[in-house]
Structures are given as C-alpha cells and as structure tokens.
Amino acid sequence: MGEGVIVTDKNNNIIMINKQTEIFLNKKSEELLGKRTDEIYDVEDEFEKKLENSEKPLQKTLLAGKKISGKYYCLHNDRKIPVFVNATPVICESEIIGAILLFRDISRENEIDRAKTEFVSLASHQLRTPLSIINWYSEALTQNQNNFSKEQKNYMKKICNANQRMINLVKSLLNTSRLKMNTFSIKNKEIDLVKIARNTLEEVAELCSVQNISIEEKFSSETIRLKGDPQLLTIILHNLLTNAIKYSKRDGKIILEIFEQKTDIIIDVIDQGIGIPEKQKKEIFTRFFRANNAKEKDAEGTGLGLYIIKTTVEKLGGKITFDSKEKKGTTFSVILPKNGTLEKESAKKLI
C-alpha cells in the first residue's frame, strides 16, 4: 500500500502497523506495538495549531465512533510532515473495539498547491493596475455624459459594471492566496465591533437598494469590544452580508445580530433567501464551490466568499456554522473569542 496504516485497540494502543508506517516513522514495528499513538507523534491541524490528545483524529474517532478525515501535520523526530488522514472506528455489536488510521504524505501536493497559489497572487497583483486605470477613466466619463446618446450611456454602464466585477474577483483571489500562504499580517488590538459593523452596512447599502432589501440591526449594546484584526473582521462581515443580499428575494429582510457572552462574541446573519440544498451543505465552504440554486440566482459568483469567511474566522481563533432550509433562508453564525483565542466551551456549541 502507498498509505501508512495504524490499527489500535479501544484504548489507543497500537496492535498493528504496515511497512509504509515503519518507513514514515523510521521505526520497526517491534518498537511501536503496544504503545499509544500520542507517545509516538504529535499532531497539528491544517492551520498548524497543535492539537490536544482528544482532538487528534484517531482519539476523536475512538471517542465519537465516527469517521474523521482531513489534512493535518505529523510531528515526529523534529520533522513536520503534511498528511491526509482517514480515521475509522472498528465497531463490533455496537461497541467500539478499536480504530484504523490511514495516512499519506502530501508534501508534494502541498508544494504544487503553493506554486498555484503564488501564481494566482502574482497574476492578481498584475491585474490590479490596468483594472484601476479602466475604473478611473470610466468614472471620469460617466461624470460627463451630457453629449452621450442613450446607447452610449448604456455601453458606459456595462463597461463600469463589468470592470467592477473584475475588481471584485481580483480582490477575492488576492485574499484567497494571502490566506493560503499565511501572508496576512494579523493585528490583535482592541476594537469596537459595532463600529466596524455599521461601516460595513454603509458599504453594502447600495447593493441593498438595488433589490429593495432592508437590514435590521440587533446589537446587545452600542459598544461591543474584542481583540482582533479590524481588516479581517471587515472581510468577514462584508462577505456574510453581500452573500445574504445576493441570495435574498427582492423586498426581503436580513437581520444582523451581534451579542456578547462571557468570553465570546456571536455574529448571526439571518436571511430569508434561497437557502442551501441539503445534499450540497457539506461542500459549502469549499473553494470555488457554488450550490446549484446559487448559480441560477447569480451566474457571475466566484464561489470564494464562504471559503474566505471560514478561513478568516479560523485565523482569528473562531468558528463558523450555519443552519439552512432550501427556499426558506439561511443563518450563518460566527463565534469569536474576545481575547483572541477560542474558548473550548464556546467551540463545543458549534460542533
């Protein structure tokens, strides 16, 4: 097999490994059998955050009794290796009697992915200048349309709209590549989230007016403070609100709720729009993915908004979840720690 295989009993003691695991860990099976996996290697998540034993895929599988898969980092003998993991419980007569871990080294895939991300970043940077120039001259022309015919005015409007879509796409691609390459310099300073929210509402006001959509504010107080990065928080709020507006019905209503708990801030964006199809919910945060009904409603979306939101929220130590019914609406909930680090008790609410 190309994958490494580790089999454990219900107490996480290793009872079998394959040759690939011996090569990967640079140890013979005799040295590993009978030991717990947490005695041999440590694990970080895909954002390089070190995991507690209960959060590691094998232990999580034994505790939850369900399959766990995803990207992680294996720390062993001063090496940090990116791996893709599938951990599955072994169940006999409704009792968990062990688990099987399959993993493979994805260092090569990561290098290719990074090269693609760097290319996208470079190309996006190069596109910004000509698009900005087109934008400046288009605005100058639209401000002096007295000598334009009706047809020429229509052409100018189409040029401005198309250019703005390109600027938004480039901005999304740049944000995506920065998040992928960890080139965002994150500031952790005290900010007023209500002030940021109201500034963002002003930015999306024109988009609301096109579809005659109202946004209701529900803030637990006039000032809600937390430690975080104002730029990243603006990205989160802007993407959540524009998504809700785009996929709402005309004359609809959106609610923006922000309230604080003991250690955390909760942001809810509630719409009455098209909702997310049940079968496509698990893919909703994937890069470039768009649900079928979203494509029908807005053919020109990029499929990057929710990926950017999720990645940005996690960069700030937070969590995001959603509840949605097709043709009824969607609620996206973001939980952010006040002090810049996620509290475990709050995280459990959204798992």
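The values are calculated or read from the model by the stated rules, or taken from the named source; none is laboratory data. Predicted, not measured: the structure shown is a model, and the values here were computed from it. Here the Cβ is made from the backbone with ideal geometry for all residues, glycine too, and neighbour counts use every protein chain on show.
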Original post:
Which residue, of Asn18, Asn13, is over 25 Å from Glu109 (Cα atoms) and free of Cβ contacts under 8 Å to residues at least 40 places away in the same chain?
Top reply: Asn13
Original post:
Which one of Glu283, Glu296 is under 15 Å from the mean Cα position of the chain (by Cα) and over 30 Å from Ile191 (Cα atoms)?
Top reply: Glu283
**OP:** Would you check if Gln59 is under 15 Å from Arg104 (Cα atoms) and not β-branched (Val, Ile, Thr)?
**Re:** no
Original post:
(1) of a type in the set (D, E, K, R); (2) surrounded by 14 or more Cβ atoms within 10 Å (Cβ to Cβ); (3) at pLDDT 90 or above: which one isn't true of Asp45, the others all being true?
Top reply: (3)
Subject >> Every residue from the range 2-31 that is out of contact with any Gly (no Cβ under 8 Å at 6 or more places or on another chain) and assigned to a strand (DSSP E or B) >> reply: Gly4, Val5, Ile6, Met16
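Looking only at the range 32-59, which residues are assigned to a strand (DSSP E or B) and more than 17 Å from Pro82 (Cβ to Cβ)?
The initial filter retains those residues of the range 32-59 that are assigned to a strand (DSSP E or B), namely 36, 42-45, 50.
Of everything in the range 32-59, just one residue is assigned to a strand (DSSP E or B) and more than 17 Å from Pro82 (Cβ to Cβ), namely Arg36.
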Original post:
When you go through (1) of a type in the set (S, T, N, Q); (2) under 30 Å from Asn212 (Cα atoms); (3) modelled with pLDDT under 90 one by one for Asn339, which number turns out not to apply?
Top reply: (2)
**OP:** Only residues in the range 120-148 that are among the small types (Gly, Ala, Ser) count as the first member; pair them with residues that are modelled with pLDDT of 80 or more and in a helix (DSSP H, G or I), Cβ under 8 angstrom, at least 6 apart or cross-chain, and list the lot.
**Re:** Ser138/Met156; Ser138/Ile159; Ser138/Cys160; Ser138/Asn163
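So, restricting to strands (runs of 3 or more DSSP E) that lie completely within the range 219-295, which ones have at least 2 residues that are surrounded by fewer than 16 Cβ atoms within 10 Å (Cβ to Cβ)?
253-260
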Original post:
For Arg114, all conditions in the list (1) farther than 18 Å from Val43 by Cβ; (2) loosely packed, with under 13 Cβ neighbours inside 10 Å hold save one; what is the number of the exception?
Top reply: (2)
Original post:
Is at least one residue of the range 77-86 at pLDDT 90 or above, more than 24 Å from Arg287 (Cα to Cα) and of a type in the set (Asp, Glu)?
Top reply: no
